[in-house]
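Just below is one structure, and these are the notes that go with it.
The values are calculated or read from the model by the stated rules, or taken from the named source; none is laboratory data. Note that the structure is predicted; figures quoted are calculated from it, not measured. No Cβ is skipped: glycine too gets one built from the backbone with ideal geometry, and neighbour counts run over all protein chains shown.
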Amino acid sequence: MPLRPHQTDALDAMAKYDKGQIIVPTGGGKTMCMIEDAKRGGTIVVVAPRILLAEQLSSEFLEILDDVSVMHVHSGETDHYSSTKVEDIYWWHKYTRGNKIIFTTYHSLDKVKRSTIDVDTIYFDEAHNSVQRNFFPAVRHFATDWANRCFFFTATPKHSLTPFKAGMNDTKVYGQVIVNVPAPKLVDEGYILPPKVEVYKSRLLRKDEIYSEVESEHMIGAIDKLEVDKVLICAKSTKQITNLLYASKFQDELAWRGYSWMTITSKTGAIIDGEKVGRDEFFEVLNAWGKDDDKKFVVLHHSILSEGINVKGLEAALFMRNMDYITISQTIGRVIRLGKCHKTHGKVCIPVYNNVGVSTARKVEAVVDTVFNRGEPAISVITR
């Protein structure tokens, strides 16, 4: 597949600079920029916010790169050699010939740091996570002292206005913004879709009503209004998901409309239509359903699917909880990827009742205005 113009621009900038920030909207193909740049070889480290995303990045890299040895440094299961022991990382690097790639997480990056291996290039994916207090020391080590080349990829930069907390506006660590791709440019060029915000005003909740039943009514009403087949529901907690599925008529209402359902949380694991499954099977089915134009389904989650995960075919996101600007922007990114030929927008729906959802709706509309109307990234600012 030929590179898009903005991807070529990013690669040109990465060839010119040894460090910098690459701001690309969700769905803009930033992973391909990493993969193409990785063809120069050497020892490369790829850092992701979650084990799940590290595994996804590994698969995407290896679909294109074949002359490379791979190690994973995190606590998850993988088909590749994997360890979080510092000595294992050191000896693997010492005795492995040729080009090498280590896939790790921000949580485990300190293990790579303590192994003292030489690193030619390091890519920080979803780099806004790198400013977290527990992660930043290892990030700063590679960015200022150790790696020959260092690039930070994100759609949602995080800045700091206090010297006591890290922010991506610290150019000594993060470098300058060397590429900034406006979302309207990608919309105009046909690479992503614009979002469309719909506020669904539900009836007021009465004091004597069972909350889960009313929430189910609100969710079903919103799904009916959206008139789409593939819906991502962003819940405020695992308990809310559990109550919706097992303490209301939500499952029955979905089935009556021809929808299957699936959910994944850190507490419940992965479940498809009431049956517990492994994580790999969950994502295989999710992507298969996403590609199937005739399949109708709802997927419920709290946070696992908000960031970085590529899910095919999602048409709408339904917000049941308040979020920060970064998570809102990342969630919108799940539904603006190209899909069915008749899909013209990624729909974003916020149910509003008893003043619930009002602040979320305002935030979502502000993010859409910033990113898709003004063409600016959704920058989050730490003030204290």
* To do: Check whether at least one residue in region 145-153 is touching a helix residue (DSSP H, G or I) at 6+ places or on another chain (Cβ under 9 Å), farther than 30 Å from ILE332 by Cβ, in contact (Cβ under 8 Å) with a residue 12 or more places away in the chain and not in a loop (DSSP other than H, G, I, E, B), and report yes or no.
  => yes
* Asked: Does at least one position in region 292-304 carry a residue that is touching a Ser or Thr at 6+ places or on another chain (Cβ under 7 Å), touching a residue at least 12 places away in the same chain (Cβ under 8 Å) and among the small types (Gly, Ala, Ser)?
  -> no
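Within region 5-58, restricting attention to residues that are among the polar types (S, T, N, Q) and assigned to a helix (DSSP H, G or I), which residue is surrounded by the fewest Cβ atoms within 10 Å (Cβ to Cβ)? Break it down into steps so the answer makes sense when it comes.
Applying the first criterion (among the polar types (S, T, N, Q)) to region 5-58 yields 7-8, 21, 26, 31, 43, 56, 58.
Now narrow it down to the ones that are assigned to a helix (DSSP H, G or I): 7-8, 31, 56, 58.
On the way: GLN7: 21, THR8: 13, THR31: 20, GLN56: 19, SER58: 21.
Applying the filter and picking the extreme gives THR8.
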* Quick one: LEU254 ticks every box in (1) closer than 30 Å to ILE382 by Cα; (2) modelled with pLDDT of 95 or more; (3) crowded, with 17+ Cβ neighbours inside 10 Å bar one, so which box is it? -> (1)
* Please enumerate the residues belonging to region 1-47 that are hydroxyl-bearing (Ser, Thr, Tyr) and touching an Asp or Glu at 6+ places or on another chain (Cβ under 8 Å). => THR31, THR43
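Name the single residue, out of those in region 59-86 being free of Cβ contacts under 8 Å to residues at least 12 places away in the same chain and in a helix (DSSP H, G or I), that is surrounded by the most Cβ atoms within 10 Å (Cβ to Cβ). Steps first, answer last, please.
As a first pass, look at region 59-86 and keep what is free of Cβ contacts under 8 Å to residues at least 12 places away in the same chain: 59, 62-63, 66, 77, 79, 81-82.
Now narrow it down to the ones that are in a helix (DSSP H, G or I): 59, 62.
Numbers: SER59: 10, LEU62: 15.
If we take residues in region 59-86 being free of Cβ contacts under 8 Å to residues at least 12 places away in the same chain and in a helix (DSSP H, G or I), then LEU62 is surrounded by the most Cβ atoms within 10 Å (Cβ to Cβ).
How about region 143-172: which of its residues are under 23 Å from the mean Cα position of the chain (by Cα) and of a type in the set (Val, Ile, Thr)? Talk me through it step by step, then tell me what you get.
Of the residues in region 143-172, the ones under 23 Å from the mean Cα position of the chain (by Cα) are 143, 150-160, 166-169.
Matches in region 143-172: THR154, THR156.
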